[in-house]
1. Here is a check on your reading of the model: is SER95 among the polar types (S, T, N, Q), crowded, with 16+ Cβ neighbours inside 10 Å and not in a strand (DSSP E or B)?
2. Kindly evaluate GLN64 against the criterion of being under 30 Å from VAL119 (Cα atoms), loosely packed, with under 10 Cβ neighbours inside 10 Å and at pLDDT 65 or above.
3. Tell me, please, whether a residue that is buried (at least 18 other Cβ atoms within 10 Å of the Cβ), out of contact with any Asp or Glu (no Cβ under 6 Å at 6 or more places or on another chain) and small (Gly, Ala, Ser) can be found in the range 84-92.
4. Consider only pairs whose beta carbons are under 7 Å apart and that are at least six residues apart or on different chains; among these, list those whose first residue lies in the range 100-125 and is of a type in the set (Phe, Trp, Tyr) and whose second residue is outside any strand (DSSP E or B).
5. State the number of residues belonging to the range 63-91 that are farther than 15 Å from TYR133 by Cα and outside any loop (DSSP other than H, G, I, E, B).
6. What is the one condition in (1) within 25 Å of VAL178 (Cα to Cα); (2) touching a residue at least 60 places away in the same chain (Cβ under 8 Å) that GLN131 does not satisfy?
Amino acid sequence: MLAGDFLEPLAIMTIRIPFRIARCIHAAIAVLVAFTVVTASAQEKWYQWDIDFDEGKRPWKEIQASIPSYPKPENLLPFDAGGASPHQFFIDAQSLTIGEDGVVRYSLVVKSAGGATNVTFEGMRCDMRQQKYYAIGRADGSWARARDPQWRRIEYQEINRHHGVLYEDYLCPEKRPVRSLKDALQTFRYGVPNRY
């Protein structure tokens with residue numbers, strides 16, 4: 001055997017190995033390109049699906065509340081806030097609104113057993129079970145803006161539970177704003193419908 005005989009098979013092997021590797025590299029690149037195209041298409045579809053899915057979950061933004069005119073006695077609708085309170089509770093029918101932000105706004109009049117009258121302009125967020133004071137009524141029939149108005153959770157209370165009653169029975173049935181002003185006013189005028 002000559003020395004060249006040993007080198008010849010090695011030369012063939014060295015030529016075949018790079019060719020096989022080149023084929024593998026070409027195949028891997030083709031698979032990688034195809035995977036990238038499929039992944040990019042899937043990512044675009046997923047991104048669009050995310051946008052469509054989250055369309056209704058935009059951050060909540062409160063609209064600017066307009067202070068209504070001061071309540072007049074002929075527009076007051078009484079409601080029962082439970083037997084534990086000696087006070088009388090009224091909603092001003094003219095002030096009742098359902099905002100685009102989902103907040104039900106109203107003027108509340110509370111007449112105490114001692115003869116004092118408290119008037120407030122408030123809002124209720126049904127989805128969060130929260131209440132907020134916007135303005136406080138003055139004795140001269142004008143409004144004073146509430147200082148640092150904040151949303152606060154409506155908690156169940158044994159006494160002075162009017163916010164809980166307004167929430168559950170009148171303004172936020174099923175944790176959503178009442179369907180319409182007409183429905184709300186009918187409930188105040190004719191009583192709470194049996195929902196069970």
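1. On the way: among the polar types (S, T, N, Q): yes; crowded, with 16+ Cβ neighbours inside 10 Å: yes; not in a strand (DSSP E or B): yes.
The answer is yes for SER95.
2. It is true that GLN64 is under 30 Å from VAL119 (Cα atoms), loosely packed, with under 10 Cβ neighbours inside 10 Å and at pLDDT 65 or above.
3. The answer is yes; a qualifying residue exists.
4. As it stands, the answer is TYR106/SER95; TYR106/LEU96; PHE121/ILE67; PHE121/PRO68; PHE121/SER95, since those pairs meet every condition given.
5. 10
6. (2)
The values are calculated or read from the model by the stated rules, or taken from the named source; none is laboratory data. This is a predicted model, so every value here is computed, not measured. Because the Cβ atoms are built from the backbone with ideal geometry, glycine has one as well, and the counts that use them run over all protein chains shown.
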